[in-house]
Amino acid sequence: MRKVAVIGAGMTLFRRILQETGKELSFLATKMAMEDAGIEKKDLDMVIMGSAPDAFDGIHLKGENLLDGAAAANKPYVRVFNGGGTGVFAPIAGWWHVASGVADVALVVCEEKMGSCFPHPQTAFRHIWDPFLDRPLNTNLVWLFAMEMNRYMTVHNIKKEDIARVAVKNKRNAVGHPCAQLPDENITIDDVLNSEVVAWPVQRLDISPPSDGASALILCSEEKAKKYVEDPITIAGVGWNIDSTMWTNRDLYFPRYVANAAKMAYKMAGIDNPRKEIDFAEPYDPFDYKELQHMEGLLLCDKGEAPILTREGVTQRDGNLPICPSGGLLGVGNPIAATMGQKVCELYWQLAGKAGKRQIPTDPQIGVGQAWGDIMQMGTVIVMKR
Amino acid sequence: MMSMKKEGYPKYAPGTHVSRKDIRNKNKTYTWWEPEVQYSWAMGPAISRFLQELKNGKIIARCCNKCDRVIVPPRMFCEYCYKPTDKWLYIKDTGTVETFSIAYLDGDARRIKDPILIGVISIDGASPQHGFMHYFGEMKPEELHIGMKVKAVWKPEKERTGAITDIKYFKPLKGGGK
Amino acid sequence: MTFLEKQTDPTSPMHWRGNMQADYLYLSGVAGDKFFKHLMKNDTFLATKCPECNKVFFPPRLYCEDCFCEIPEEKWFEVPSKGSIKLFTIATIDSYGKKLKEPKVIGLINIDQTDGSLLGVIKTDKPDEELQGVHVEAVLKPKDKREGTLKDILYFKKK
Ligand SMILES: [Zn+2]
Ligand SMILES: [Zn+2]
């Protein structure tokens with residue numbers, strides 16, 4: 001396998017509704033990544049599109065719909081998706097295109113338009129359930145995550161305020177992000193604890209917002225990358241893993257599939273002790289409790305220990321183990337697949353020292369990004385190195 | 001050559017924000033679409049039998065002889081042993097609350113005043129943590145807790161249709177649990 | 001032809017019925033919004049020209065998919081709502097497979113002065129005539145009835 005480098009990244013504004021079509025959003029993100037890398041469409045060997053369920057955009061054959069905006073016309077092209085896991089899975093697909101040698105330069109574009117679905121993007125999630133057992137109960141996805149959060153809190157005896165700290169940290173971290181939808185410099189734990197209860201224990205400020213947006217990443221073989229960059233940032237390891245779809249037959253307190261994916265990525269990256277060797281992480285945080293569960297799944301701490309590290313300030317941007325320095329989904333927004341912008345582009349910006357106001361001060365060398373999807377069952381992990 | 005610049009990336013944030021008011025006032029053009037597609041999903045033998053048994057007021061599971069699981073919802077194969085399951089087994093209509101939520105949000109994310117009590121119930125007679133999602137009733141939201149013993153409340157026989165909703169909800173099981 | 005076969009017995013207990021319970025609001029996009037807003041007030045179309053390869057996009061686009069460059073404001077221009085038929089078919093069933101009362105001519109129309117085309121209904125007295133290459137013009141809704149969607153174009157007719 002060849003080593004793969006990241007040479008450019010781009011992302012659009014994230015908002016509840018953007019005027020641009022999916023193609024136009026793809027174009028804007030791709031254009032920024034191309035400018036960053038200093039390449040043109042002719043330099044691209046292959047294009048990978050990541051976009052989550054078709055039901056959001058309401059356009060089936062969504063990959064085909066988006067491709068001309070993703071610089072893919074007359075190129076080898078593929079769309080990949082596994083729900084919320086897509087934002088990290090799409091760059092993994094990009095990685096195998098380049099690592100295998102079939103492409104020297106591959107573009108990864110992720111797009112989501114959740115603003116098209118009415119009465120609410122939640123309606124689209126109905127189409128992801130089992131039609132016989134889950135749908136007749138008029139299930140809302142938030143109910144499922146509320147149940148998962150409740151299980152996690154009960155098993156480890158975690159207080160709600162220790163979970164709310166994550167929302168506060170991430171919305172504050174997002175203040176330095178030009179694309180952010182919900183940055184909030186002044187938010188407090190009380191604001192989260194006093195926000196509307198939508199499905200106990202989930203309150204309104206525990207949840208990331210639905211968003212429109214796109215992001216893009218340009219991958220290149222390490223050899224060729226030296227043509228564009230002095231010290232390329234490389235992908236050191238990738239991993240992915242999925243658990244049984246029968247979610248009512250699993251204990252939801254721990255994401256073992258994330259742990260499996262992390263072990264696969266760490267093995268490839270030659271990481272024996274993730275707690276010591278990893279400098280910062282971008283775990284998937286569509287809900288505040290998910291950041292904590294995913295830190296545990298990524299083996300960055302013991303089961304039930306993540307809320308304690310958060311309380312002690314370890315996960316702050318200037319802490320020992322900065323978590324979600326981008327502002328995460330909670331602060332920057334959650335256009336499902338396009339969260340590649342926080343989970344992978346941010347690793348690149350941080351490792352390259354290009355994160356500006358968001359820059360981790362301690363000169364990070366290794367970062368891990370992770371996403372989570374399908375029906376609480378998919379873990380996708382990427383490790384990047386300077 | 002890219003250099004380690006101190007300025008922040010992304011350097012700009014392209015995109016045009018549209019408010020709901022813009023849409024209501026038709027400041028932006030749009031096309032409205034209502035999909036009219038109908039589906040008829042094949043349930044397969046396991047779920048078909050499971051729902052037919054609910055119509056009879058019974059909960060049925062499948063057993064895997066290799067891993068010794070009693071599996072509900074039933075399936076014709078064991079996804080872990082990756083072999084066909086071996087036999088049908090009636091189990092009880094009582095169980096334990098594995099987890100729950102008190103939802104003030106309906107399926108379309110509309111706010112509701114009277115909360116929906118929803119959770120996962122592991123069914124007595126099945127393997128640990130084997131069960132399904134359902135509603136709770138005949139209890140106050142504050143009574144609901146993980147580990148609570150509950151029992152199915154069935155619709156009257158005439159109203160049952162062979163659906164998961166043939167069980168109306170689960171209620172507290174008197175004398176059971178902590 | 002499996003695709004045309006109908007479900008035999010969807011009410012059997014082996015099946016569960018359902019539908020897609022979501023509606024969609026598709027914003028026209030940045031280029032699309034400009035195109036439709038122009039069409040609401042004018043009887044002409046808008047197109048865009050790539051500054052690098054000179055390809056003329058119809059419907060107009062914000063970017064050239066080949067050169068991958070943004071198309072600037074000054075490369076937007078008006079074209080007549082006319083064109084010539086590139087492809088056509090005579091439809092006897094609607095999109096649900098139901099028989100139409102009268103056959104309908106559907107054509108792909110190359111819009112004049114552009115490299116693009118548009119799908120439209122073609123009104124003609126003789127639906128079986130050879131229509132390839134025939135020049136047609138758009139018949140639009142009265143201006144006060146236009147809503148900024150493709151339905152503002154009622155049909156195309158021979159000039
Ligand atoms: Zn088994
Ligand atoms: Zn061009």
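Nothing in this text is a laboratory measurement; each read-out follows from the coordinates by a stated rule. Computed from a predicted structure; not experimentally measured. No Cβ is skipped: glycine too gets one built from the backbone with ideal geometry, and neighbour counts run over all protein chains shown.
Here are the numbers for this structure:
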{"read-out": "Where residue A:343 falls short, out of the listed (1) outside any loop (DSSP other than H, G, I, E, B); (2) surrounded by fewer than 24 Cβ atoms within 10 Å (Cβ to Cβ); (3) not hydrophobic (A, V, I, L, M, F, W, C)", "value": "(2)"}
{"read-out": "Every residue from region B:99-128 that is more than 7 Å from chain A (Cβ to nearest Cβ), in a strand (DSSP E or B) and under 14 Å from residue A:248 (Cβ atoms)", "value": "B:121, B:122, B:123, B:126"}
{"read-out": "Qualifying positions in region C:99-114 - charged (D, E, K, R) and loosely packed, with under 15 Cβ neighbours inside 10 Å", "value": "C:99, C:101, C:102"}
{"read-out": "Sole exception among (1) over 9 Å from the mean Cα position of the chain (by Cα); (2) within 14 Å of another protein chain (Cβ to nearest Cβ) for residue A:313, by number", "value": "(2)"}
{"read-out": "Residue in region B:55-68 that is crowded, with 19+ Cβ neighbours inside 10 Å and away from ligand 1 (no atom under 14 Å from the Cβ) present", "value": "yes"}
{"read-out": "Cβ pairs under 7 Å, 6+ apart, first in region B:73-90 and touching a residue at least 12 places away in the same chain (Cβ under 8 Å), second assigned to a loop (DSSP other than H, G, I, E, B) and away from ligand 1 (no atom under 13 Å from the Cβ)", "value": "B:73/A:133; B:90/B:58"}
{"read-out": "Selection within region C:12-29 - of a type in the set (A, V, I, L, M, F, W, C), surrounded by fewer than 21 Cβ atoms within 10 Å (Cβ to Cβ) and either under 13 Å from residue C:148 (Cβ atoms) or within 20 Å of the chain's Cα centre (by Cα) (or both)", "value": "C:25"}
{"read-out": "Test for residue A:272: is it away from chain B (no Cβ under 14 Å) and without any contact (Cβ under 8 Å) to a residue 40 or more places away in the chain", "value": "yes"}
{"read-out": "Failed item, numbered, when residue A:70 is tested on (1) surrounded by fewer than 24 Cβ atoms within 10 Å (Cβ to Cβ); (2) in contact with a Leu (Cβ under 8 Å, 6 or more places away or on another chain); (3) of a type in the set (A, V, I, L, M, F, W, C)", "value": "(1)"}
{"read-out": "Unique match (being farther than 30 Å from residue A:32 by Cα, away from ligand 1 (no atom under 16 Å from the Cβ), among the small types (Gly, Ala, Ser) and in contact with a His (Cβ under 6 Å, 6 or more places away or on another chain)) among B:40, B:101", "value": "B:40"}
{"read-out": "Scope region C:146-156; condition within 14 Å of chain B (Cβ to nearest Cβ) and on the phi < 0 side of the Ramachandran plot; matching residues", "value": "C:146, C:147, C:149, C:150, C:151, C:152, C:153"}
{"read-out": "Set A:146, A:180, A:124: member being closer than 29 Å to residue A:81 by Cα, more than 7 Å from every other protein chain (Cβ to nearest Cβ) and not aromatic (Phe, Trp, Tyr)", "value": "A:180"}
{"read-out": "Check on residue A:56, in contact with a Cys (Cβ under 9 Å, 6 or more places away or on another chain), within 11 Å of chain B (Cβ to nearest Cβ) and farther than 28 Å from residue A:223 by Cα", "value": "no"}
{"read-out": "Filter result for residue C:159 (more than 14 Å from every other protein chain (Cβ to nearest Cβ), among the charged types (D, E, K, R) and free of Cβ contacts under 8 Å to residues at least 12 places away in the same chain)", "value": "no"}
{"read-out": "Enumerated strands (runs of 3 or more DSSP E) restricted to region C:25-100, each holding at least 1 residues that are within 16 Å of ligand 2 (Cβ to nearest atom) and either of a type outside the set (Val, Ile, Thr) or within 14 Å of chain A (Cβ to nearest Cβ) (or both)", "value": "C:45-49, C:76-79"}
{"read-out": "Of residues in region B:69-91 being in contact with a Phe, Trp or Tyr (Cβ under 9 Å, 6 or more places away or on another chain) and more than 18 Å from residue A:132 (Cβ to Cβ), the one surrounded by the most Cβ atoms within 10 Å (Cβ to Cβ)", "value": "B:69"}
{"read-out": "Residue match in region C:64-73 (condition: under 23 Å from residue C:156 (Cα atoms) and aromatic (Phe, Trp, Tyr))", "value": "no"}
{"read-out": "Per-region count, region A:356-373, residues in a loop (DSSP other than H, G, I, E, B), closer than 27 Å to residue A:287 by Cβ and within 12 Å of chain B (Cβ to nearest Cβ)", "value": "1"}
{"read-out": "Cross-chain or 6+ apart pairs with Cβ under 8 Å, region A:356-382 first and closer than 20 Å to residue A:318 by Cβ, then crowded, with 21+ Cβ neighbours inside 10 Å and polar (S, T, N, Q)", "value": "A:358/A:173; A:358/A:326; A:358/A:350; A:359/A:350; A:360/A:350; A:364/A:350; A:367/A:350"}
{"read-out": "Output for region A:127-143, where each listed residue is more than 7 Å from every other protein chain (Cβ to nearest Cβ) and in a loop (DSSP other than H, G, I, E, B)", "value": "A:129, A:130"}
{"read-out": "Residues satisfying the stated conditions in region B:132-178, i.e. closer than 24 Å to residue B:43 by Cβ, in a loop (DSSP other than H, G, I, E, B) and of a type in the set (Lys, Arg)", "value": "B:155, B:160"}
{"read-out": "Residue that is surrounded by the most Cβ atoms within 10 Å (Cβ to Cβ), among those in region A:84-121 that are of a type in the set (Asp, Glu) and within 14 Å of chain B (Cβ to nearest Cβ)", "value": "A:111"}
